[in-house]
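Bear in mind these aren't lab numbers, they're just calculated from the coordinates by the rules spelled out. The shown structure was predicted, so the numbers you read here are calculated from the model rather than taken from an experiment. Note: ideal-geometry Cβ built from the backbone for every residue, glycine included; neighbour counts use all protein chains shown.
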Amino acid sequence: MRRVKKLSIANYIVMILVASELLMALFMLFFFYYYSDVIRESEIRKELIPRNKQVMSEIDFSGNEISYDWKEIYEETEIYVMIYCDDNMIEMPDMPEFLNIIQDKGYSNILQKIKINDEIYYFKDFKTHKNKKYDIYLRYVVNLNSISSHYISTIRIGYVAIIMIVILISTVAIITGKYLKNAFKKMKKEVESVGQMNDISKRIAYDGIFAEMQILCDAENRMLDRMENNLNKQKQYISDVSHELRTPISVIMAQAEYGEKQDIPSEDRIDAFSVIKKQSYKMNELVMTLLELSRLDQENYKIMKEDINFAELASFVCEGIVENTGQEVHIKYECQPAYGKGDIHLLSIAISNLVTNAIKYSEPAGTITVSTGETDTEVYIRVKDEGIGIRKENLKMIFERFYKAEKSRHTKGYGLGLPLSQRIAQLHDGYIAVESEEGKGSTFTIFIKK
Ligand code: ADP
């Protein structure tokens, strides 16, 4: 797996926030830079409208000659006014010399920008229709520096707002980062303290406000639950194995010690050997089953599948058992054709376990019904007995390793047959279903995917 350089979430969030706010600020600056002209011109246009109204009110258009008072016109603002009549400037006392260039420009009712002596000027013409004889228009000239325009304050407010936003978001990002860092530190401490303790029953406690951290803690706690459960199972397993091996080993040791004595009758020595042999076989059976289980438990264990006629396999396995049990057994076959694929060796073990149990937990003359069949997707092998049955509350435990229900504690077996059979079914993408009623009998069915 490729190792990616790890980054603190808190730093990551702060970085993202700061980067995005800087980007936003840059974008706003860019916007202001490019649109300040547009804003400025629109402000000038707005200012010129009342100015034009005021100038118009100072000019008398009623007679043949137009008359006005320059002093009145210039009194209030620094917006220069030029009056033109049929393209000729009528008069403009006190007109600054630099305005000559503007004076010579043709009629323009749109706002124009011009640079004179390193200063920016705007000018725009307004036509009046008050005098029928002449075309009269008024030209207004504005020096950018002298005009008291709102745009400057608008732009200033814009820049101040950008700076404020940058400061505000940076502060929020830093505070959030610190808060997150503290929350993570707290959780890390908690996780580490749980990890360092030998007590697997300890759980991580989280009382913060972040839902994701709670989810992480819950997931970690669930994992600890599973680990604790598995560890307990393992402990139980080891103790069960030791327990099961202890009895035959003690018997073997006792018989071996007795058998090696000089002064015992030879029949006793032979008996001792036969007990040792019996117990060794028992131990061998247990160890072999355990080995088989651990082999099948391996995650990458692959079964060897071949075509199987399940009806034939079931009756073949049953016949073998009947021959070897040495007791009277009634097996009724209700086998429908059932074909599928599977590991013939493993499936024989699973069927054999179910049939052996059915015999073990039934009265000697009890009938055992073995049936097979298939659906569109599954093949099944069913073993039904009329034996002691299983209590409802015990049903969920019968697939646990070394479990034996009370009533069957004294029968032969280690409580490994059903777990092994279930594992075999699982390896075939199948499962074992049980129906049982205490005192009436049980039905075990192995279902296998076709
Ligand atoms: P065992 O070797 O004890 O039979 P299994 O794993 O095969 O171990 O079965 C586990 C337990 O389930 C048995 O001890 C018994 O209590 C119960 N059990 C299994 N099969 C039957 C059955 N056909 N009838 C009644 N009880 C059964």
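Taking 25 °C and 0.890 mPa s as conditions, segment 309-450 diffuses translationally at an estimated 163 µm²/s according to Stokes-Einstein applied to its Kirkwood radius (Cα pairs).
Could you please tell me the mean projected area of the C-alpha convex hull for segment 350-430, averaged over all directions and given in square nanometres to one decimal?
It is 5.8 nm².
The ranking of Val172, Val251, Val81, Val4 by Cβ neighbour count inside 10 Å, starting from the fewest, reads Val4, Val172, Val251, Val81.
Based on Cβ point charges of +1 for Lys and Arg and -1 for Asp and Glu, what charge dipole magnitude is obtained for the chain about its Cα centre, in debye rounded to the nearest 20? Don't skip to the answer; put the middle values down first.
Working: 58 positive and 65 negative charges, 224 e Å.
In total the dipole reaches around 1080 debye.
In deg cm²/dmol and to the nearest 500, what is the mean residue ellipticity at 222 nm of the chain if only DSSP H runs of at least 4 residues count, each as -39500 (n - 2.57), divided by the residue total? It lands at -18500 deg cm²/dmol. When the Cα gyration tensor is reduced to axis lengths a ≥ b ≥ c, the ratio a/c is 1.5 or higher for segment 199-351, and with a/b not above b/c it is classed as oblate.
I want the antiparallel fraction of DSSP beta bridges within the chain, as a percent rounded to 5.
That works out to approximately 90 percent antiparallel.
I'd like the FRET efficiency for Asn198 and Gln327, computed as 1/(1 + (r/R0)^6) with the beta carbon distance as r and R0 of 51 Å, rounded to 0.05. Using R0 = 51 Å, I get an efficiency of 0.50.
Based on the Cβ-Cβ distance from Glu334 to Ile303, what FRET efficiency comes out when R0 is 25 Å, to the nearest 0.05?
Calculated transfer efficiency: 0.35.
Counting pairs of alpha carbon atoms under 8 Å apart in space and at least six apart in sequence, what relative contact order in percent does the chain give? Averaging sequence separation for qualifying contacts and normalising by length gives 10 percent for the chain. For the chain, hydrophobic long helices are taken as DSSP H runs at least 27 Å long by C-alpha position along their axis with mean Kyte-Doolittle hydropathy of -0.5 or more; these are 9-58, 150-196, 266-297. Zone of Leu231 (label point 7 Å along Cα→Cβ, backbone N under 14 Å): which residues in segment 197-212? Residues 197-204 fall inside that zone. Given a cut-off of 38 Å, what percent of all Cα-Cα pairs of the chain lie beyond it? Within the chain, distances greater than 38 Å cover 62 percent of Cα pairs.
Take the alpha-carbon centre of segment 229-267, take the same for segment 150-211, and report the distance between them in whole Å. Segment 229-267 and segment 150-211 have Cα centres separated by 63 Å.
Shape analysis of segment 216-259 based on the Cα gyration tensor places the equivalent ellipsoid semi-axes at 42, 5, 4 Å, largest first.
Which GluC sites (Glu not before Pro) from segment 279-354 combine a DSSP loop assignment with at most 10 other Cβ atoms within 10 Å?
Passing sites in segment 279-354 are Glu299, Glu328.
Modelled spin-label separation between Asp37 and Leu22, with each label point placed 7 Å from Cα along the Cα-to-Cβ direction: 2.9 nm.
Tell me whether segment 134-271 comes out rounded, prolate or oblate; compute the Cα gyration tensor, take square roots of the eigenvalues as a ≥ b ≥ c, and use a/c under 1.5 as the rounded threshold. It is prolate, given that a/c is not under 1.5 and a/b is the larger ratio.
Within the chain, the longest run free of chymotrypsin sites (Phe, Trp or Tyr not before Pro) that sit in a DSSP loop with at most 11 other Cβ atoms within 10 Å is 108-300.
Across every direction, the projection of the convex hull enclosing the Cα atoms of segment 267-387 has a mean area of 9.8 nm². Dipole check for segment 318-411: with +1 at the C-beta of Lys and Arg, -1 at the C-beta of Asp and Glu, and the Cα centre as origin, the magnitude is about 480 Debye. Can you compute the FRET efficiency between Leu144 and Ile90 using 1/(1 + (r/R0)^6), with r the Cβ-Cβ distance and R0 = 35 Å? Round to the nearest 0.05. That gives a FRET efficiency of 0.85.
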